[in-house]
1. Give, in nm to one decimal, the length gained when the segment between TRP8 and ARG86 is fully stretched (0.36 nm per residue of separation minus the Cα-Cα distance).
2. Could you list HIS79, HIS15 in order of exposure, starting from the residue whose Cβ has the fewest other Cβ atoms within 10 Å?
3. Read phi for every residue in region 43-56 and hand back ³J(HN,Hα) as whole Hz from Karplus 6.51 cos²θ - 1.76 cosθ + 1.60, θ = phi - 60°, with x for Gly and Pro.
4. Would you please classify the overall shape of region 8-108 from the alpha carbon gyration tensor, given that a ≥ b ≥ c denote the square roots of the eigenvalues, rounded means a/c under 1.5, and beyond that prolate means a/b larger than b/c while oblate covers the rest?
5. Scan around LEU69 for amide H atoms under 5 Å from its own, H built in the peptide plane at 1.01 Å from N, and keep only partners 5 or more places away or cross-chain.
6. Just to confirm the filter: which GluC sites (Glu not before Pro) across region 1-66 are DSSP coil and have at most 14 other Cβ within 10 angstrom of their Cβ?
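Just so you know, all these numbers are worked out from the coordinates, no wet-lab data involved. Quick caveat, the model's predicted, so the values are computed rather than measured. Glycine also receives a Cβ, built like all others from the backbone with ideal geometry; neighbour counts cover every protein chain displayed.
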Amino acid sequence: MNATGSAWPGLEMRHLLALVAVVETGTFSAAAEQLGYTQSAVSQQIGILERIVGAPLFERPGGRRPVQLTAAGQMLLTHARAVIARVSAAAADLRALGAQANRASCGSGHCRASAPRSCPASSGPSARSGPASRSCCMNRGSPPT
């Protein structure tokens with residue numbers, strides 16, 4: 001907990017992603033498979049999230065039966081989906097900004113002096129500094145130096 005007594009600063013995206021995955025798949029096991037985690041890791045993430053929010057989020061019938069959201073879980077799910085959507089939008093915006101910056105830098109002749117190894121123009125120093133290098137930079141998104 002922080003100085004104000006709130007545990008919310010400990011909230012992580014993985015907690016919200018686990019919540020959404022459990023809801024979408026219906027079970028902790030299926031959520032684990034979807035996320036690439038073990039079932040116990042998903043249980044741990046949900047347990048941490050429940051401690052952070054101070055309320056149970058799921059009614060757990062046991063076995064392979066689907067879990068049910070509590071009222072607190074339903075409320076948090078709405079916010080979790082909104083947070084995930086906003087973070088995804090921010091990531092997309094920043095990727096677009098980076099791509100735009102790379103195109104602008106490469107187009108102005110400030111492209112990196114050597115091409116990535118995957119570029120066909122990487123056969124020697126003279127080939128790396130020519131037009132093929134700039135083309136590779138623009139096509140592959142290599143950062144300018």
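1. Full-extension gain reported as 26.3 nm.
2. HIS79, HIS15
3. 4, 5, 4, 5, x, 4, 4, 5, 5, 4, 7, x, 7, x
4. The shape class here is prolate.
5. GLU59
6. Sparse-neighbourhood loop GluC sites (Glu not before Pro): GLU12.
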